[in-house]
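Accompanying notes for the structure given below.
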2 protein chains.
Amino acid sequence: MDTNELMHTLGRQARSASRAMAKADTAAKNQALLLIAAAIRREAAALKAANAQDLDAARANGLDAALLDRLTLSDKAIETMALGLEQIAQLPDPIGEMSNLKYRPSGIQVGQMRVPLGVIGIIYEARPNVTVDAAGLCIKSGNATILRGGSEAIACNRALAALVKEGLQGAGLPADAVQVVETTDRAAVGALISMPEYVDVIVPRGGKGLIERLMRESKIPMIKHLDGICHVYVDDKADLDKALRICNNAKTHRYGTCNTMETLLVAEGIATHALPKLAEIYNAKQVELRGCEKTRAILPGIKAATEEDWRTEYLAPILSIKVVADVDAAIAHINTYGSAHTDSIVTEDYSRALQFMREVDSASVMVNASTRFADGFEYGLGAEIGISNDKLHARGPVGLEGLTSLKYVVFGHGEVRQ
Amino acid sequence: MDTNELMHTLGRQARSASRAMAKADTAAKNQALLLIAAAIRREAAALKAANAQDLDAARANGLDAALLDRLTLSDKAIETMALGLEQIAQLPDPIGEMSNLKYRPSGIQVGQMRVPLGVIGIIYEARPNVTVDAAGLCIKSGNATILRGGSEAIACNRALAALVKEGLQGAGLPADAVQVVETTDRAAVGALISMPEYVDVIVPRGGKGLIERLMRESKIPMIKHLDGICHVYVDDKADLDKALRICNNAKTHRYGTCNTMETLLVAEGIATHALPKLAEIYNAKQVELRGCEKTRAILPGIKAATEEDWRTEYLAPILSIKVVADVDAAIAHINTYGSAHTDSIVTEDYSRALQFMREVDSASVMVNASTRFADGFEYGLGAEIGISNDKLHARGPVGLEGLTSLKYVVFGHGEVRQ
């Protein structure tokens, strides 16, 4: 079977399984999740053996240390996968939930019911834990899924797929509800994003290059974010202690995450006072600073920021800094150069806080909090399949609800339209 | 300026106006709507003169009677447009609404705020009232819009555009918040659906051919529905009076609407009893019936339905009828042949009603009600920009909320991530 044919077979099977998953009851879905968790713990040794195969191949292919690190399945990672499934089992089932049921003058009662999207295609890099997390979220939300992980993790993904199928079948659910693409042929991705008859939404997780290519080529809507150019704006009415704490955390808590601050905006009225203290924090942690002209007048030692810097997600210990006139200028900068991901204002001024909240056009807008909070677990979603900075459908951290949709339900008593 | 250049200019202006619209307060948006309504009433004679120009040109071009009818702007239509705007002014402002604000263990308070989508491109046929309805909905929902109406209505649309701009400016809002494409060059549509940098969503309203072409070519997400192959399933536990009333209304209330029943499914156990009574109703109204073999055994005079009939939206006094074994078979037929628009079951059986509600994968699912209720006004949305049978974002009738999105808001007190 060639790759295109294989993918169409997976698609047909997924569509069929999605019908069964949509009507599966909560108990069966939870049982499947718990059975998979148990199987993962039971087969820990076999999983590590499969992972060792992947690692050997990766080393032979000269993969770099960071990639090898992400690919490695430690005992702790195995336990975390199992625990993650058990946590998903404990979340409320979003499917079938009805809301806003109201009687209309015609006599009908109208409301909405939460339903699965259908078939989710997930494209991700060589991280075996994503296979299990994504499978768990799709099972709980009543969707079928086709998982296309990085080819470097193929042996491990195959082993995990077998355990997922075992759990599904043990709970009386269709084994095809979760299918791992078992070919490393790159054409599989192209096929997956070109069958809207079988796949309702694509969730790509990976670098900007992958996402950009998928955006150009996909014939299926995607839940995705391209990059996180996040800002903190320190207003001249900021509490300086809060500002220092938040600016420190937003940049240095982790450098490689999408909700890390990449550009710091400082109000002119507080810049002379705040910037030296901020620079001290960043210098101590060896964060490279790049500033606008006004910033460099206060911090003369630092590099000049170029126009390009304002549009760059460094994912590294580098920070661009701009002195702005006021909250209006900060909002204008963010809406022009940002990536509509996560932006925060530090201020004690009531009106400016509300203005920033309303006018910044990003998936997460914060007052007096670190951008690092933009996360499904921190927001209380219980799980996260990714973060979206699109405006349609899900926006911001995407949990179970983002994998669902609302249909209208009408309870009538024989009513007809006049 | 060539058409492509013109459209990019409109796009840039719309994007800029959308920033002002997003922060416009409720009073200004309502004032604009009321000023436009007043201007439409004041300029009724001028609008009719412009419409007369369009009608002359349309007659000269040999347009058919149905199109001429839709194009005609009567006194009543003018008053309806003005009233529509006044109704939209009375609806609650969805923008800025915050919901689900909850404290998290970290100390932050997380919730969601409803915000505009940004710039809406609307592509529609030669119906001048759509220009005003769409402008009104976009203004109220804080969006900017680019309206591309059918070229046959160009004189009237230009006249309406001037009144809309007058109202926007009178309320201190940017005139570019509503822009009517003032060229009849067909390339304008191609340009409009190819500038994702300026347009956030396309709402196409028109025939299946137009929508299919836009689906293939658009680089921007769309809120749309392709067709309405709606079903009523008469269960063997149906109340026959309700069944007759609903089946009559769903088919014959209006033949050309997307929520009209196109296929009737009847349970085997009630077919012999119900079908002759149903046929009597349809025969009296000269509805052509096409049946499956079992239907024709009961109604021997009627035409045989082909496989193609189950997939056809007639938009005409034609109805296909199929006898099915039970509710499972009905659901399977609907999920296979339907268009995920609107489907209804007639039954007094509690479990089957709930099963149908849950398992039919359509934008509107009903029990004991006519499919004709699938409508923004009937659902209490107060207005309707269209009906969507996609699963992402808006599903079913789309009102003001469908033109908005939810962003996360975080109220902090200096919290940082641990």
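The values are calculated or read from the model by the stated rules, or taken from the named source; none is laboratory data. All values derive from a computational prediction rather than experimental measurement. Note that each Cβ is placed from the backbone with ideal geometry, even for glycine, and that neighbours are counted across all protein chains shown.
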- Hits in segment A:85-106 (condition: of a type in the set (Ser, Thr, Tyr), within 11 Å of chain B (Cβ to nearest Cβ) and not in a loop (DSSP other than H, G, I, E, B)): A:103
- Task: Could you please give the count of residues in segment A:51-95 that are within 20 Å of the chain's Cα centre (by Cα), farther than 25 Å from residue A:143 by Cβ and touching a residue at least 60 places away in the same chain (Cβ under 8 Å)?
- Result: 2
- Task: Report the residue count in segment A:251-269 for those that are out of contact with any Cys (no Cβ under 7 Å at 6 or more places or on another chain) and closer than 26 Å to residue A:339 by Cα.
- Result: 13
- Query: Which numbered condition trips up residue A:325, out of (1) at pLDDT 95 or above; (2) within 11 Å of chain B (Cβ to nearest Cβ)?
  - Reply: (2)
- Message: Looking for something touching a Leu at 6+ places or on another chain (Cβ under 9 Å), modelled with pLDDT of 95 or more, outside any helix (DSSP H, G or I) and surrounded by 19 or more Cβ atoms within 10 Å (Cβ to Cβ) - is there at least one such residue anywhere in segment B:209-222?
- Response: no
- Message: Given the condition assigned by TED's automatic domain parsing to the domain that holds residue B:245 and out of contact with any strand residue (DSSP E or B) (no Cβ under 8 Å at 6 or more places or on another chain), answer yes or no: does some residue in segment B:340-347 qualify?
- Response: yes
- Message: Among the residues in segment A:57-69, are any modelled with pLDDT under 95, acidic (Asp, Glu) and assigned to a helix (DSSP H, G or I)?
- Response: yes
- For segment A:278-291, does any single residue satisfy the condition of being hydrophobic (A, V, I, L, M, F, W, C) and more than 17 Å from residue A:317 (Cα to Cα)? no
- Task: For residue A:115, state whether it is part of a helix (DSSP H, G or I) and surrounded by 24 or more Cβ atoms within 10 Å (Cβ to Cβ).
- Result: no
- Query: Of the residues that sit in segment A:256-299 and are part of a strand (DSSP E or B) and touching a residue at least 60 places away in the same chain (Cβ under 8 Å), which one is nearest to residue A:396 (Cα to Cα)?
  - Reply: A:261
- Considering segment A:362-387 alone, what residues qualify as being farther than 27 Å from residue A:135 by Cβ and in a strand (DSSP E or B)? A:365, A:366, A:367, A:368, A:369
- Does segment B:337-360 include one or more residues that are in contact with a helix residue (DSSP H, G or I) (Cβ under 8 Å, 6 or more places away or on another chain), within 8 Å of chain A (Cβ to nearest Cβ), free of Cβ contacts under 8 Å to residues at least 12 places away in the same chain and surrounded by fewer than 24 Cβ atoms within 10 Å (Cβ to Cβ)? yes
- Message: I need the full set of residues from segment A:120-138 which are touching a strand residue (DSSP E or B) at 6+ places or on another chain (Cβ under 7 Å), buried (at least 24 other Cβ atoms within 10 Å of the Cβ) and among the aliphatic types (A, V, I, L, M), in order please.
- Response: A:120, A:122, A:123, A:135
- Task: Kindly check whether there is at least one residue in segment A:362-370 that is more than 8 Å from chain B (Cβ to nearest Cβ) and of a type outside the set (Lys, Arg).
- Result: no
- Task: Answer yes if at least one residue in segment A:313-334 is outside any loop (DSSP other than H, G, I, E, B) and over 26 Å from residue A:362 (Cα atoms), and no otherwise.
- Result: no
- Residue list for segment A:260-278, restricted to those being farther than 16 Å from residue A:228 by Cα and either surrounded by fewer than 20 Cβ atoms within 10 Å (Cβ to Cβ) or not hydrophobic (A, V, I, L, M, F, W, C) (or both): A:268, A:269, A:270, A:272, A:273, A:276, A:277
- For residue B:43, state whether it is in the same structural domain as residue B:143 (by TED's automatic domain parsing), acidic (Asp, Glu) and free of Cβ contacts under 8 Å to residues at least 40 places away in the same chain. no
- Can we say residue A:182 is outside any helix (DSSP H, G or I) and modelled with pLDDT under 95? yes
- Message: Checking the structure you have, find out if any residue of segment A:147-170 is hydroxyl-bearing (Ser, Thr, Tyr), under 28 Å from residue A:393 (Cα atoms) and out of contact with any helix residue (DSSP H, G or I) (no Cβ under 6 Å at 6 or more places or on another chain).
- Response: no
- Query: Residues B:46, B:50: which one is part of a helix (DSSP H, G or I), crowded, with 17+ Cβ neighbours inside 10 Å and either within 14 Å of another protein chain (Cβ to nearest Cβ) or at pLDDT 95 or above (or both)?
  - Reply: B:50
- Taking residue A:372 as meeting all but one of (1) at positive phi; (2) touching a residue at least 60 places away in the same chain (Cβ under 8 Å); (3) not polar (S, T, N, Q), write down the number of the exception. (1)
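Identify the residue in segment B:377-412 that is more than 7 Å from chain A (Cβ to nearest Cβ), more than 22 Å from residue A:404 (Cα to Cα) and not charged (D, E, K, R) and, among all such residues, is surrounded by the fewest Cβ atoms within 10 Å (Cβ to Cβ). Quick ask: steps written out before the conclusion?
From segment B:377-412, those more than 7 Å from chain A (Cβ to nearest Cβ) are B:377, B:381-390, B:394, B:397-404; that's our starting set.
Now restrict to residues that are more than 22 Å from residue A:404 (Cα to Cα): B:377, B:382-385.
Narrowing further to those that are not charged (D, E, K, R): B:377, B:382-383, B:385.
On the way: B:377: 14, B:382: 16, B:383: 20, B:385: 26.
It comes out as B:377.
Residues B:142, B:172, B:190: which one is out of contact with any Pro (no Cβ under 8 Å at 6 or more places or on another chain) and not in a helix (DSSP H, G or I)? Working first, answer last.
Values: B:142 fails: out of contact with any Pro (no Cβ under 8 Å at 6 or more places or on another chain); B:190 fails: not in a helix (DSSP H, G or I).
Result of the check over B:142, B:172, B:190: B:172.
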